[in-house]
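Single-structure report; data block below.
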Amino acid sequence: MLQTRSHSRAVRAGGLFAALAMVAALLDLGAGAGAAPPPPPSAPIAGKLSSAVLLRHYIAHPQEAPAASREALAAIRDLTGRPEPGDGASRAALGPASKVRGPLRDQLFNKDTSGLPQDEESVTRCTSRPNVVLEGTNDFRGLVDPKQDFTGWHFSTDGGRSVRREGRLPSLRFGSTLVPSQGDPVESSDAKCNLYATDLNFDPQDFFPNGVGLYKTTPARLAACSGGTDPSCWPQRVVVAKSTDPHRLLDKPWMYVGKSGAQTYVWVVYTEFVCPDVGCTGTYTSNSIKAVRCTTNLVCGKPQLISGSQPSIQFGDVTIGPDGRTYITWEQDNDLVTGFAPPEHMTFWIRVAPPGSRTFGPAHRVANEPLNAGIAPLHANDFRIATNPKNDVKMVNGHPRVFVVWEGCRARPLGDSTLRSRRSSCAIPMTAARPGRRRRHCRLVGTTTSRPSPPTRAAGTWRWPGSRTVSTGSSTTARMSSSPRCGPTGRWRPGSG
């Protein structure tokens with residue numbers, strides 16, 4: 001018999017107002033002034049998990065949240081089961097959404113009438129049909145959804161000027177259990193304008209079962225369906241990876257859709273945390289980067305280990321390059337070696353698979369970052385940031401060139417950059433459009449020994465020390481330098497830029 005892990009609860013009076021108060025209180029989950037310290041260092045993993053995972057844990061267990069937020073989190077927990085404003089039959093009675101004021105009044109890309117936020121946006125646009133735009137979000141309206149689906153989608157057919165349809169990704173079946181979508185969205189599209197979304201799916205009470213979901217639809221389907229939590233909006237969906245052990249938590253998925261060899265594939269990467277406690281709410285003993293390759297019909301292979309024996313890593317990123325190769329990068333930190341004691345530093349790694357292949361070459365070091373941001377608040381506010389290496393591949397003079405870009409601190413004025421201490425902060429000058437951004441690139445033959453340098457800003461361009469000046473176009477890769485080069489087999493040998 002099919003079961004649903006929704007854990008519906010009765011609604012307390014004043015529910016929606018309590019929800020709005022909770023959202024304001026969520027801003028204090030970091031190291032904000034006047035807020036009580038969060039559970040770490042007794043729970044070091046709280047500074048490593050995705051925000052959706054951490055939020056769900058605090059809602060299920062508000063007594064473990066920062067003291068200033070506990071009452072509001074308990075209130076939002078009790079809202080579960082209340083009909084969502086604007087959903088289904090109640091939408092027409094509410095009328096159009098209230099007017100938004102301010103400089104972004106014409107850029108509202110949702111139909112929310114409740115005031116609950118959306119964040120961690122991911123967006124894709126069809127290259128063959130540029131008017132088709134799909135955005136994914138952590139949609140906080142899912143907190144009052146009886147099904148507890150949390151991953152939002154927002155669909156446009158006029159180039160993003162307005163939202164034609166929106167909703168949340170439906171729950172996925174883990175055997176006989178329906179497990180809700182829980183955020184960390186990634187959106188993509190293929191050459192035929194099929195639309196894809198991936199996210200986390202887990203039970204919000206104890207994070208088990210948990211896994212990574214993959215969804216597929218078309219513009220015609222999204223335009224015709226009723227939106228909201230209608231499962232017909234996303235007729236093809238599959239669990240690409242799931243934990244079979246309550247001591248393992250899958251987190252931080254990323255996805256890429258592209259042609260590799262003779263056909264188009266969907267690659268999904270994610271981080272697997274291994275913890276001594278159920279639900280990974282205290283600490284972790286190891287973590288790893290894993291990857292899954294699926295066909296466009298969502299027929300997926302088995303997860304494969306990418307990071308080898310490295311014990312403390314996260315933030316996998318995957319790209320199918322224009323050369324058809326598959327590139328995966330990730331970070332390795334020293335948290336487990338030092339017992340989560342400062343200072344923290346990171347090393348970035350890459351593995352490459354030939355076109356059409358699932359077999360990756362050996363891992364090679366891209367760069368070291370001694371002043372990474374961990375997952376930490378900026379020194380001037382509560383925004384939680386992270387050093388997250390991302391890669392892209394461009395053809396330069398007929399050769400594939402791999403670019404890796406990440407964030408880094410210019411200084412740590414008040415201590416280590418983790419959320420375990422109120423003394424943590426990361427100072428990043430905010431005078432340039434890409435503050436504190438590091439870079440490194442490699443071609444498919446070469447090596448590097450130099451440490452990346454911060455950029456300097458010129459009118460309309462970025463100049464990296466020791467590199468050529470390039471235009472600040474829309475492509476992230478156009479803002480990176482020319483130094484190391486790496487070979488097709490993963491061997492690194494000297495060569496000029």
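The values are calculated or read from the model by the stated rules, or taken from the named source; none is laboratory data. The structure displayed is predicted, hence computed values, not measured ones. Please note: Cβ atoms are built from the backbone with ideal geometry, for glycine as well, and neighbour counts cover all protein chains shown.
Of everything in the range 129-162 that's in contact with a Ser or Thr (Cβ under 8 Å, 6 or more places away or on another chain) and among the hydroxyl-bearing types (Ser, Thr, Tyr), which residue is surrounded by the fewest Cβ atoms within 10 Å (Cβ to Cβ)?
Ser162
So which of Gly175, Gly183, Gly213 is surrounded by fewer than 24 Cβ atoms within 10 Å (Cβ to Cβ) and either small (Gly, Ala, Ser) or closer than 17 Å to Ala52 by Cβ (or both)?
Gly175
Could you list, in sequence order, all residues of the range 125-142 that are among the acidic types (Asp, Glu) and farther than 15 Å from Thr217 by Cβ?
Of everything in the range 125-142, just one residue is among the acidic types (Asp, Glu) and farther than 15 Å from Thr217 by Cβ, namely Asp139.
Scan the range 106-126 for residues that are in a loop (DSSP other than H, G, I, E, B) and modelled with pLDDT under 95 and jot them down.
Asp106, Gln107, Leu108, Phe109, Asn110, Lys111, Asp112, Thr113, Ser114, Gly115, Leu116, Pro117
Residue by residue, here is whether (1) among the acidic types (Asp, Glu); (2) in contact with a strand residue (DSSP E or B) (Cβ under 8 Å, 6 or more places away or on another chain); (3) without any contact (Cβ under 8 Å) to a residue 60 or more places away in the chain; (4) under 14 Å from Ala197 (Cβ atoms) holds:
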residue: Pro130; (1), (2), (3), (4): no, no, yes, no
residue: Gly136; (1), (2), (3), (4): no, yes, no, yes
residue: Phe140; (1), (2), (3), (4): no, yes, no, no
residue: Asp145; (1), (2), (3), (4): yes, yes, no, no
residue: Gln148; (1), (2), (3), (4): no, no, no, no
residue: Leu169; (1), (2), (3), (4): no, yes, no, yes
residue: Ser176; (1), (2), (3), (4): no, yes, no, no
residue: Gly183; (1), (2), (3), (4): no, yes, no, yes
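Based on what the data block shows, is Ser188 modelled with pLDDT of 95 or more, among the hydroxyl-bearing types (Ser, Thr, Tyr) and out of contact with any Asp or Glu (no Cβ under 6 Å at 6 or more places or on another chain)?
So Ser188 fits the description; yes.
If you check Val337 against the conditions, is it over 22 Å from the mean Cα position of the chain (by Cα), under 24 Å from Leu249 (Cα atoms) and either surrounded by fewer than 20 Cβ atoms within 10 Å (Cβ to Cβ) or free of Cβ contacts under 8 Å to residues at least 40 places away in the same chain (or both)?
Yes.
Does Val292 fit the bill of being buried (at least 19 other Cβ atoms within 10 Å of the Cβ) and within 24 Å of Pro322 (Cβ to Cβ)?
So Val292 passes the test.
Any residue in the range 272-295 that's closer than 23 Å to Met255 by Cα and at pLDDT below 95: show its pairings with residues that are in a strand (DSSP E or B) and charged (D, E, K, R) at Cβ separation under 8 Å, as long as the two are six or more apart or on different chains.
Phe273/Arg248; Phe273/Asp251; Val274/Arg248; Asn287/Glu272
Return the total of residues in the range 249-289 being buried (at least 19 other Cβ atoms within 10 Å of the Cβ) and basic (Lys, Arg).
Qualifying residue count, the range 249-289: 1.
So, in the range 376-392, of the ones that are assigned to a strand (DSSP E or B) and buried (at least 24 other Cβ atoms within 10 Å of the Cβ), which residue ends up modelled with the lowest pLDDT?
Ala376
Could you list, in sequence order, the residues of the range 279-304 that are of a type in the set (A, V, I, L, M, F, W, C), in a strand (DSSP E or B) and either in contact with a Ser or Thr (Cβ under 6 Å, 6 or more places away or on another chain) or on the phi > 0 side of the Ramachandran plot (or both)?
Selection gives Ile289 alone.
Looking at this structure, is Thr229 over 20 Å from the mean Cα position of the chain (by Cα), at pLDDT below 95, surrounded by fewer than 16 Cβ atoms within 10 Å (Cβ to Cβ) and of a type in the set (Ser, Thr, Tyr)?
Answer is no for this residue.
Being of a type in the set (Ser, Thr, Tyr), surrounded by fewer than 24 Cβ atoms within 10 Å (Cβ to Cβ) and either touching a His at 6+ places or on another chain (Cβ under 7 Å) or at pLDDT 95 or above (or both) is the filter here, so list the residues in the range 308-328 that pass it.
Listed by number, the list holds a single entry, Thr319.
Quick check on my filter: what residues within the range 163-172 are crowded, with 24+ Cβ neighbours inside 10 Å and among the charged types (D, E, K, R)?
Those that are crowded, with 24+ Cβ neighbours inside 10 Å and among the charged types (D, E, K, R): Glu166, Arg168.
Looking at Thr244, is it among the hydroxyl-bearing types (Ser, Thr, Tyr), at pLDDT below 95 and over 17 Å from Cys280 (Cα atoms)?
Criteria not met by Thr244.
Inside the range 342-372, can you point out the residues that are surrounded by fewer than 23 Cβ atoms within 10 Å (Cβ to Cβ), polar (S, T, N, Q) and in contact with an Asp or Glu (Cβ under 9 Å, 6 or more places away or on another chain)?
Scanning the range 342-372 gives a single hit, Thr347.
Looking only at residues in the range 186-208 that are over 19 Å from the mean Cα position of the chain (by Cα) and within 24 Å of Ser51 (Cα to Cα), which one is surrounded by the most Cβ atoms within 10 Å (Cβ to Cβ)?
Phe208
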